[in-house]
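Data block below; observations after.
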Amino acid sequence: MSPMSALSAALERIGDRWSLLLVEALLDGPRRFADLEAAVAGISTNILTSRLRHLEAAGVLLAVPYSQRPLRYSYELTDTGRDLGGAVRLLAQWSADHGAAGRHAEGAAAPTHATCGTPMDAVWWCPTCERPDVPGDDDVIWI
């Protein structure tokens, strides 16, 4: 049996659209259940509950109680969840740039810089050499 690739392991751990949309909704900070329900269009209550429990078990988010009677939670990303947020933003940018079948996604926009409104570019950066990777550069090795 061949070893599982890193992408396969990530998809097994997170891998559905609702989970990624919840991570995106939590990137701006903690939210309560009803806030998440409103932020993620089309998600049903039972799916939201299931995905929140799954993401908490996977170490992506924390459920922090804010009321004891009745017991209610606020949800926030862990450091692991914020790291996943970077990948979610890259996926969103890819969709905004390419959309379905090479067209721009309807109504999708690439992440923009809050101060000036310029669309952001994601680049691979080597912290040792202190330089970005350039497309076509043969220095990057995928393991």
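The values are calculated or read from the model by the stated rules, or taken from the named source; none is laboratory data. Worth saying up front: this structure is predicted, and the values here are computed from it rather than measured. All Cβ positions, glycine included, derive from the backbone under ideal geometry; neighbour counts span all protein chains shown. The accessibility values were calculated without ligands, DNA or RNA, using every heavy atom of the protein model including side chains. Shrake-Rupley method; radii C 1.70, N 1.55, O 1.52, S 1.80 Å.
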Output the residue which, of all residues in the stretch 73-90 that are surrounded by fewer than 14 Cβ atoms within 10 Å (Cβ to Cβ) and among the charged types (D, E, K, R), is nearest to the chain's Cα centre (by Cα).
Asp83
Please specify each residue of the stretch 49-65 satisfying the condition of being on the phi < 0 side of the Ramachandran plot, surrounded by 11 or more Cβ atoms within 10 Å (Cβ to Cβ) and not β-branched (Val, Ile, Thr).
Ser50, Arg51, Leu52, Arg53, His54, Leu55, Glu56, Ala58, Leu61, Leu62, Ala63
Just the residues that are open to solvent by 90 Å² or more (accessible area, probe 1.4 Å) and modelled with pLDDT of 95 or more, please, taken from the stretch 1-32.
Arg32
Return the total of residues in the stretch 98-143 being at pLDDT 75 or above, open to solvent by less than 70 Å² (accessible area, probe 1.4 Å) and not in a loop (DSSP other than H, G, I, E, B).
2
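Does the stretch 87-95 include one or more residues that are among the charged types (D, E, K, R) and modelled with pLDDT of 80 or more?
Yes: the stretch 87-95 contains one or more residues that are among the charged types (D, E, K, R) and modelled with pLDDT of 80 or more.
Please specify each residue of the stretch 65-86 satisfying the condition of being of a type in the set (Gly, Ala, Ser) and outside any strand (DSSP E or B).
Going through the stretch 65-86, the residues of a type in the set (Gly, Ala, Ser) turn out to be 67, 74, 81, 85-86.
Selection gives Gly81, Gly85, Gly86.
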Positions within the stretch 33-48 being surrounded by 15 or more Cβ atoms within 10 Å (Cβ to Cβ) and of a type outside the set (A, V, I, L, M), in sequence order:
Phe33, Glu37
Within the stretch 29-78, work out how many residues are out of contact with any helix residue (DSSP H, G or I) (no Cβ under 6 Å at 6 or more places or on another chain), more than 20 Å from Arg13 (Cα to Cα) and touching a residue at least 24 places away in the same chain (Cβ under 8 Å).
10
